[in-house]
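The block underneath contains the structure these notes are about, expressed in structure tokens.
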Amino acid sequence: MTQAILTPDANSQDGTGAHSDGQSRKVFVKTYGCQMNVYDSERMGDALTRDGYQSVDTVEAADLVLINTCHIREKAAEKVYSQLGRLAKLKKQRNAEGGDLMVAVAGCVAQAEGREIIRRAPVVDVVIGPQTYHRLPEALAKARQGESVVETEFPTEDKFDGLPKTPEKAIRARGVAAFLTVQEGCDKFCTFCVVPYTRGAEVSRSVDRILGEAERLASAGVREVTLLGQNVNAWHGKGADGREWGLGELVRRLATIGGIDRIRYTTSHPRDMDDALIEAHRDLPELMPYLHLPVQAGSDRILKAMNRRHTAAEYIRLVERIRAARPDIALSGDFIVGFPGETDEDFEDTMRLVREVNYASAFTFKYSIRPGTPGADMEGQLEEAVKTERLARLQDLINEQTRAFGRECVGKVVDLLLEKPGRNTDQLIGRSPWLQPVIVDAKLGKIGDIVRVRITQPGTSGLFAEPAE
Ligand code: 5AD
Ligand code: SF4
């Protein structure tokens, strides 16, 4: 997933077009990777707006390019370096014309590579890891004096505290569904994964900060909040009642905020699905019946080698408990095929688990080495052809389940949150409780309304629906 996050109007609305030194600066932000990177880019964009930047849609129009990188995909660092190579050419051209271009690299590749980035790509002025975004304006100021800056520590302060709060206008411009980071980092150390190294140890934001941000979102018209964390259900904190809360208690409290009608969270680890969270699914209509609960594999041998710390049977039992609490819940997952040592039999265990759970959707990946993780040094690395064949089979099965889920939705009456205009001007797109995009007639309501509809037919890019009455 790639997307440019800042829209010109989102920034210009803030009215801070010029910097204190009188210059108007223009930033192009490119975001790769997960929803947390999207969220982080928005926060950094807000800080830059306060610092006098306007956002632009192209690299050519920018005098600062900020790349928020993701390390989860294969050859992530190499792809960043080739992008930086292209920026180096552009900078050279600018310099020849008497202008300049600044480049900042943020995100997980910045964290993993650190100063190496500047060594290999001297075009880069600032390297900033995910935990130090509050230092971005300061780092850019130093860089403007000609110093290259690398900020990749894991400081103890909340990285969002030092950043200015998002202006209400910017929240409004982003729409009625928003992300809210509640937790970062991971202590699980799955043997294939770089996250514990790039995002660091598990850190939960405090209840006060989360509630404060949720209330500000609600007062700016946000109706749906997705709580974000690499291991979101490991979130914990001291509650208003003085007791230690888990995510279930936090969701229960968030559901009492007027205006917040829908709550989601992602991504969860099976080991952290506790009773309170399952009960929240049972009790709270605000908590949407959709759960992304990666299992990665269906073979106990492979789960052990992955250090997932649960068996396939434990996962299936957990799914049964969640479904008993909330029978209409839609499940999604992540799967890795071709982990080192995976036999045909192990892979068949994954297929069996998928058949048994029956997913509404899932992401599937071929295992690929992340340098520095234990999986990289494991014996029994599989050939590409084997991974390709297994991936295709797994994808066929999951696609079939996703289509069946879409077909089962036809005829159901659901509440849609209308989020954005459709491709045709007489259409609006809303989200079903199960996260599916649903296309309706624009006359049904306006963006931000929650409308009751009946699903009429599955389409290629979403479902279609008509008024329920
Ligand atoms: N190879 C393949 N897939 C991976 N993922 C994480 N690391 C790797 C890797 N080394 C997948 C996992 C995770 C998702 C975000 O990316 O399935 O849940
Ligand atoms: Fe990575 Fe998720 Fe495992 Fe943490 S729980 S190591 S983020 S796959």
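A short reminder: the numbers here are calculations on the coordinates, not readings from a lab. Given the structure is predicted, the values throughout are model-derived calculations rather than measurements. For neighbour counting, all protein chains shown are included, and Cβ atoms are generated from backbone atoms with ideal geometry for every residue, glycine included.
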HN-Hα J in Hz across the range 141-150 - Karplus 6.51, -1.76, 1.60, θ = phi - 60°, x for Gly and Pro:
4, 5, 4, 5, 7, x, 9, 8, 10, 10
Starting from the amide H of Lys26, placed 1.01 Å from N in the peptide plane, find each other amide H under 5 Å away whose residue is 5 or more places distant or on another chain.
Gln54, Asp63, Leu64
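Using the crude model of +1 on Lys and Arg Cβ and -1 on Asp and Glu Cβ, and no other charge, please compute the dipole size for the range 133-208 relative to its Cα centre, in debye to 20.
Numbers: 11 positive and 12 negative charges, 90 e Å.
Dipole magnitude for the range 133-208 comes out near 440 debye.
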Using Cα pairs under 8 angstrom and six or more residues apart, how large is the relative contact order of the chain, in percent?
9 percent
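List the relative contact order of the range 293-409 as a percent without decimals, with contacts defined as Cα pairs under 8 Å and 6+ residues apart. Intermediate values should be presented prior to the final figure.
On the way: 147 pairs, mean separation 34.0, N = 117.
Normalised by residue count, the contact order of the range 293-409 is 29 percent.
Is the range 418-469 rounded, prolate or oblate when judged by the Cα gyration tensor, a ≥ b ≥ c being the square roots of its eigenvalues, rounded requiring a/c under 1.5 and prolate requiring a/b larger than b/c? It would help to have the intermediate numbers written out before the result.
Details: a/c = 1.29, a/b = 1.10, b/c = 1.17.
The shape class here is rounded.
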Where the centre of each part is set by its Cα atoms, how far does the range 21-59 sit from the range 272-339, in angstrom?
36 Å
Compute the length gained on full extension between Glu138 and Asp396: take 0.36 nm times their separation in residues and subtract their Cα-Cα distance, giving the result in nm to one decimal.
87.9 nm
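Equivalent ellipsoid semi-axes for the range 239-292, as square roots of 5 times the alpha carbon gyration tensor eigenvalues: give them largest first, rounded to whole Å. It would help to have the intermediate numbers written out before the result.
On the way: eigenvalues 55, 50, 16 Å².
In descending order the semi-axes read 17, 16, 9 Å.
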Bin all alpha-carbon pair distances of the chain at 10 Å intervals from 0 and give each bin's fraction as a whole percent.
4, 19, 28, 27, 18, 5, 0
Let me check against my output: what whole-number percent is the relative contact order of the range 413-467, with C-alpha pairs under 8 Å and at least 6 apart?
35 percent
Can you run phi through the Karplus equation (6.51, -1.76, 1.60; θ = phi - 60°) for the range 63-71 and list ³J(HN,Hα) in whole Hz, with x for Gly and Pro?
10, 9, 10, 10, 9, 9, 9, 10, 10
Please report the spacing between the Cα centers of the range 427-456 and the range 83-128 in Å, no decimals.
43 Å
To the nearest Å, what is the center-to-center distance of the range 362-406 and the range 145-219, using C-alpha atoms only?
30 Å
